[in-house]
Every structure is written in structure tokens, then in C-alpha cells.
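**Q** One structure is given below, represented as C-alpha cells, and several questions about it will come after.
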Amino acid sequence: MSYQLTDKFGRDITYLRLSVTDRCDLRCTYCMAETMTFLPRKNLLTLEELEQLCASFIARGVRKIRLTGGEPLVRKGLMGLIENLSSHLESGDLDEITLTTNGTQLSKYADNLKSAGVQRINISLDSLDRDMFQKLSRRDALDQVLTGIDAAQKAGLKVKINTVALKGTNSDEIPSIMEWAHGRGMDMTLIEVMPMGDINEDRFDQYLPLTEVRDQLARHYTLTDTPLKTGGPARYVRVAETGGVLGFITPLTNNFCAGCNRVRVTCTGQIYMCLGQADRVDLREAIRGPEPLKALNDALDRAMINKPEAHDFRIDKTGTYSGSNRHMSVTGG
Ligand code: SAM
Ligand code: SF4
């Protein structure tokens, strides 16, 4: 069977973001609470099931797969999964396998990723200051991450730095992180914090609209819009003074849903058609049933009918926001 996944608004779905675990070795304050309860391991799809799922998506027109989590590199056997998926790169059915990682495990895995066919990765980094990094991630792991970034670049992986802009914590550091990233030949993307899951903090206290950040940056740097497209929701500018590219992901100040080309699958096989909405379809039930291929295709068709037009993320004032009660680490960022 081979036909394109298209939702009822005519959007072709060509991009799968697959969360391979909800576990993580950091505890970023905007992502999860320190006392996060993780899913029982028995609920997770096996590596074989993850591979089978990916094959079904590829047969239906998905061209790009991003592995995420939780922290994808803490999932045992992940490298084997990537190696197996790379056969779809060789056959030309898939354009790209990529990864979003916090970087802590990269000194161990960067070479393997490159040799398995991964060309570029996103690394999340919210501060270059050891104390601030520890405050934001609740772990003293900045050096480990920086060593991981070195290893990734040395292995020949193209690296993009993702930074969540957070009011009153890393906001003053954004220019210096950008200069550091651009100085090392890495693009950088800023992300607005999204109201996803309970984190024992008020989202309003964290939320920094990127419109403000852009205005601030424009006082010191020459920002020129670029039409660069990477298949994601970011809008990009080129920064004349650094020569680098800076992206803005603005789910709150500038909704980008009209061009949505993606779906997300959790490590338990739930497909969420929108990061900010609760609708989901159970692919694990389909894959574990008597006729997995047919059941999966039927489930994907159902998912397409139910893909909503847009999210409705909002953070207005203290205690008032609309979003999702799932943590980002569950759905996969
Ligand atoms: N652990 C990996 C990492 O941190 O890159 C992958 C998973 S993480 C959930 C993916 C991305 O989501 C990271 O860039 C992280 O900063 C971002 N993120 C997590 N929670 C978020 C939130 N509530 N709002 C905006 N971005 C968030
Ligand atoms: Fe872990 Fe990534 Fe969430 Fe930080 S943002 S706690 S690294 S999953």
C-alpha cells in the first residue's frame, strides 16, 4: 500500500516526530517537575514495533523522521533502530533521520549517529553559565553537554542549537548564546515556552514573548528575514554581525499551524495529531492486533480525519493559560 497521508484541510503529512522514551537524565524546569513519574517500561513500544511503525509512515509518504523524547539517547538500543531505519534512506523512500537531544550522551554516540546516516541534529541548550544551566535543568551537566557538542561537530554532524527563551532567567544571555553558536558555525533557534503539563510553576512567570526578544536583538544586530525552510515552524533571520542564522518558533505570538506537515507519536504508540490538542489514536493496539498492517493504515486514516486545524496555546496572565496537560517529554518536542 502506498498513498500519501493528507488531513482534511489538505495538508500533506510528511514529517513524523517519534518519541522513543519519556525518560530523561535532566529535569528542565519548564519541561517537567523534579518528581516526574515516568511510564512503566512495559507500556513502551519495543524497538521492533517502533521500526514497524516508521515503515508504515514511510509507506504513507512520510519523508522525514525526528527521534525525540524525553531524552532519545537514554533509550537502550536506539542506535540499532537508527541503523535499521537508515535502509529507507538508502532506498530513497526517506529523506532524513534526525534527532533532538539535550546533548549529555553525545560524546558516546556522535560517531555512531553519523555513520548510521544522521546528518544533522538539534541540541537543546538554555544557558552557557554553569549555575544557570544547573538551575534550569536541575542537573550540573553543562560541561558534559559542551563536550557532547564538540563530539557532534567533530563527527561531522551539522548542529542547530535550540534555546527556550525564559523570562528573568536566561533572557539576558540570549545574545551571548547566539554569538557563541554562530561563532562555531551552528544555527540557533529560539522557542517560546508552551503551556504543556503541570510543572509546579506558573507558566506566566516563565513566558517571554519572542516578539520582545526580537525587538531587543534588533537594537544591537542587523536582522534580515530569510525565506529559509527546514520543514519546521521556525521563521529565520540572518544576523549580519555574526553571519549566522537565527530562528524563532512562536506558537504563542504567531501561530504557524496553516503549514503544519507533522504528527507526533509517543513511546507508547499514541499518535497525537497536534502538539497542543488532546485528540489521539492508539497505534499500539493496531500494531499488536491480528492484522497489524491493515489496522495501522486504518488507524492512520482515522488520525488524518481528526487532525485539528490549529492549537490554541495561550498564556495571558498569572494562572491563566490554555494548553495541554501532557508534558512535552511525553508527546515529544
Ligand atoms: N530531551 C531532548 C531535548 O531536550 O532536546 C528532546 C526532548 S525535549 C522535550 C525537545 C524540546 O522541547 C527541547 O528543545 C526543549 O527545550 C523543548 N521543550 C520542552 N518543554 C517545553 C515547553 N513547555 N515549551 C517549549 N519548549 C519546550
Ligand atoms: Fe529532558 Fe529535554 Fe525535557 Fe529537558 S527539555 S527535561 S532535556 S526532555
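**Q** Answer with yes or no whether Leu283 is closer than 18 Å to Arg66 by Cβ, modelled with pLDDT of 70 or more and among the hydrophobic types (A, V, I, L, M, F, W, C).
**A** yes
**Q** Another question, then. Which of the residues spanning the stretch 6-47 are among the acidic types (Asp, Glu) and more than 30 Å from Lys135 (Cβ to Cβ)?
**A** Once the filter is applied, which keeps residues that are among the acidic types (Asp, Glu) and more than 30 Å from Lys135 (Cβ to Cβ), the stretch 6-47 yields Asp7, Asp12.
**Q** Name the residues in the stretch 58-80 that are over 18 Å from the mean Cα position of the chain (by Cα) and not in a loop (DSSP other than H, G, I, E, B), would you?
**A** Ile58, Ala59, Met79, Gly80
**Q** Taking the stretch 3-19, which residues are more than 10 Å from ligand 1 (Cβ to nearest atom) and within 19 Å of the chain's Cα centre (by Cα)?
**A** Ile13, Thr14, Tyr15, Leu16, Leu18
**Q** Name the helices (runs of 4 or more DSSP H) wholly within the stretch 82-167 that hold at least 1 residues that are in contact with a Gly (Cβ under 9 Å, 6 or more places away or on another chain) and within 28 Å of Leu47 (Cβ to Cβ)?
**A** It comes to 106-115, 142-154.
**Q** Same structure, new question: Restricting attention to the stretch 33-51, which residues are more than 16 Å from ligand 2 (Cβ to nearest atom) and modelled with pLDDT under 95?
**A** Pro40, Arg41, Lys42, Asn43 - these are the residues of the stretch 33-51 that are more than 16 Å from ligand 2 (Cβ to nearest atom) and modelled with pLDDT under 95.
**Q** Of all the residues that make up the stretch 11-28, how many are hydrophobic (A, V, I, L, M, F, W, C), over 12 Å from Thr101 (Cα atoms), part of a loop (DSSP other than H, G, I, E, B) and open to solvent by less than 10 Å² (accessible area, probe 1.4 Å)?
**A** The total comes to 1.
**Q** Got at least one residue in the stretch 102-116 being in contact with an Asp or Glu (Cβ under 9 Å, 6 or more places away or on another chain) and more than 19 Å from Val145 (Cα to Cα)?
**A** yes
**Q** Which one of Tyr30, Tyr109 is under 23 Å from Ile161 (Cβ atoms), within 16 Å of ligand 2 (Cβ to nearest atom) and either basic (Lys, Arg) or in contact (Cβ under 8 Å) with a residue 40 or more places away in the chain (or both)?
**A** Tyr30
**Q** Would the stretch 87-95 turn up any residue that is hydrophobic (A, V, I, L, M, F, W, C) and closer than 15 Å to Lys158 by Cα?
**A** Within the stretch 87-95 (the criterion being hydrophobic (A, V, I, L, M, F, W, C) and closer than 15 Å to Lys158 by Cα), the answer is no, since none of the residues qualifies.
**Q** Test of understanding: among Ser137, Ser127, which residue is touching a helix residue (DSSP H, G or I) at 6+ places or on another chain (Cβ under 7 Å), among the hydroxyl-bearing types (Ser, Thr, Tyr) and open to solvent by less than 50 Å² (accessible area, probe 1.4 Å)?
**A** Answer to the check: Ser127.
The values are calculated or read from the model by the stated rules, or taken from the named source; none is laboratory data. Every value quoted in this text rests on a predicted model; they were computed, and no experiment measured them. FYI the Cβ positions are ideal-geometry reconstructions off the backbone, even for glycines, and counts take in every protein chain you see. We work out accessible area using only protein heavy atoms, side chains counted, and drop any ligands, DNA or RNA first. Shrake-Rupley method; radii C 1.70, N 1.55, O 1.52, S 1.80 Å.
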